[in-house]
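All remarks here apply to the structure that follows.
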Amino acid sequence: MADPDALTDSWSAWSPARARRYLRTEDAASTGSRELLGDVLRGLRREELRILDLGCGNAQFYEYLKSVGLRCAYTGVDVSEPLLEAAREIHTGDARVSFAQADLMTLQGVEGRWDVAVFSHVIEILSGPEDALRAARDRAEFIAIRFFEPPEFDTDVVELRHMEVGEGRMVPYLRRKMSRDHYRLILSRISCRRVDVYRDEMSKDQVHLLRF
Amino acid sequence: MPSYEPQPPVLFDAFRERRTRRQRVRATVRALDLARQRALVGAARLARPLTSRLRG
């Protein structure tokens, strides 16, 4: 297993300017699957959805939810303090939003109950996806996962890559391609009852809604 | 020392393909567009011999 402290160091190394820009500019992800995830959440038909966004980064997904008028109480969790700082700055004065710094594999200190826990392009960069999904399941009725590498591979591969965190500094991070068997084993072990699979029409992204 | 007897893993298998309301609407619009295009092509094919006869 990779040393989680080394990964935490990587995600904590963002420069403030780069943290604000993360996933908003040149590295923005598929807008199609973001819309898809928003529609899946809307389909849960709650008066005011309580969302736990795990690996929220600078909370650009919350910004999208607000822009499309999805009424929700939003809690963003991330291990990266610079990204959370950017999120707090962007959403200053918004009473419906709160943020917490925590390890996604334990969610230590994140107490409460939510309608849905969201992993938006996050599962692929975690060292322990099973632990993260179990911790999420203990806190939410549903789990919604937005995959950029859908878990349909024949074998499991984890690559160590490098990303630029500002001012030319490069740090390592994980990128996982999960096999379908590994995913199905995890789902079985966390007592998942059913998974609704939604496919993005503009990319290979998928959104999975886990029911328990 | 306890012996290790491998057990087959229990794999989850309850996946269900779904589409959101927006995706269903888009699929309907695409199907209607396709039907309209086919109808136009069909009408053009029918009209062609008639035009030829009128010119002829």
Might you let me know whether the range A:86-108 holds any residue that is without any contact (Cβ under 8 Å) to a residue 12 or more places away in the chain, small (Gly, Ala, Ser) and farther than 17 Å from A:HIS182 by Cα? yes
How many residues of the range B:14-50 are at the interface with another protein chain (Cβ under 7 Å from one of its Cβ atoms) and loosely packed, with under 10 Cβ neighbours inside 10 Å? The answer is 1
Could you tell me which numbered condition A:ARG169 fails, if it satisfies all but one of (1) crowded, with 16+ Cβ neighbours inside 10 Å; (2) among the basic types (Lys, Arg); (3) over 18 Å from A:VAL122 (Cα atoms)? (1)
Is there any pair with a first residue in the range B:9-24 that is under 14 Å from A:ARG211 (Cβ atoms) and acidic (Asp, Glu) and a second that is modelled with pLDDT of 95 or more and exposed (fewer than 15 other Cβ atoms within 10 Å of the Cβ) whose Cβ atoms are under 9 Å apart and which are 6 or more apart or on different chains, and what are they? none
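For the range A:127-169, what are the residues that are of a type in the set (A, V, I, L, M, F, W, C), closer than 15 Å to A:ASP53 by Cβ and touching a residue at least 40 places away in the same chain (Cβ under 8 Å)?
If the condition is that a residue be of a type in the set (A, V, I, L, M, F, W, C), closer than 15 Å to A:ASP53 by Cβ and touching a residue at least 40 places away in the same chain (Cβ under 8 Å), then A:ALA132, A:LEU133, A:ALA136, A:ALA140, A:PHE142, A:ILE143, A:ALA144, A:ILE145 are the ones that fit.
Give the residue, chosen from A:ALA135, A:ALA102, that is under 29 Å from A:ARG193 (Cβ atoms) and touching a Leu at 6+ places or on another chain (Cβ under 8 Å). Reasoning before the result, please.
On the way: A:ALA102 fails: touching a Leu at 6+ places or on another chain (Cβ under 8 Å).
After applying the criteria, what remains is A:ALA135.
Mind checking whether some residue in the range A:42-56 is part of a helix (DSSP H, G or I) and within 22 Å of A:GLU111 (Cα to Cα)? If you could, list the steps in order and put the result at the bottom.
First, the residues of the range A:42-56 that are part of a helix (DSSP H, G or I): A:42.
From the residues that got through so far, the ones that are within 22 Å of A:GLU111 (Cα to Cα) too are none.
No - not one qualifying residue is present in the range A:42-56.
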Out of the residues in the range A:194-210 meeting the condition of being among the charged types (D, E, K, R), at the interface with another protein chain (Cβ under 9 Å from one of its Cβ atoms) and within 15 Å of A:ILE145 (Cα to Cα), tell me which one is farthest from the chain's Cα centre (by Cα). A:ARG194
With the structure loaded, tell me whether A:THR106 is surrounded by fewer than 16 Cβ atoms within 10 Å (Cβ to Cβ) and closer than 23 Å to A:ARG18 by Cβ or whether it fails that test. no
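Can you go through B:GLN7, B:GLN37 and tell me which one is in a helix (DSSP H, G or I) and more than 29 Å from A:LEU41 (Cα to Cα)?
Matching residue, one of B:GLN7, B:GLN37: B:GLN37.
Does B:ALA31 satisfy the condition of being at pLDDT below 85, part of a helix (DSSP H, G or I) and of a type outside the set (Asp, Glu)? Quick ask: steps written out before the conclusion?
Details: at pLDDT below 85: no; part of a helix (DSSP H, G or I): yes; of a type outside the set (Asp, Glu): yes.
When the stated conditions are applied, B:ALA31 does not pass them.
The values are calculated or read from the model by the stated rules, or taken from the named source; none is laboratory data. Note that the structure is a prediction, hence the values are computed from the model and not measured. Glycine gets a Cβ as well: all are built from the backbone with ideal geometry, and neighbour counts include every protein chain shown.
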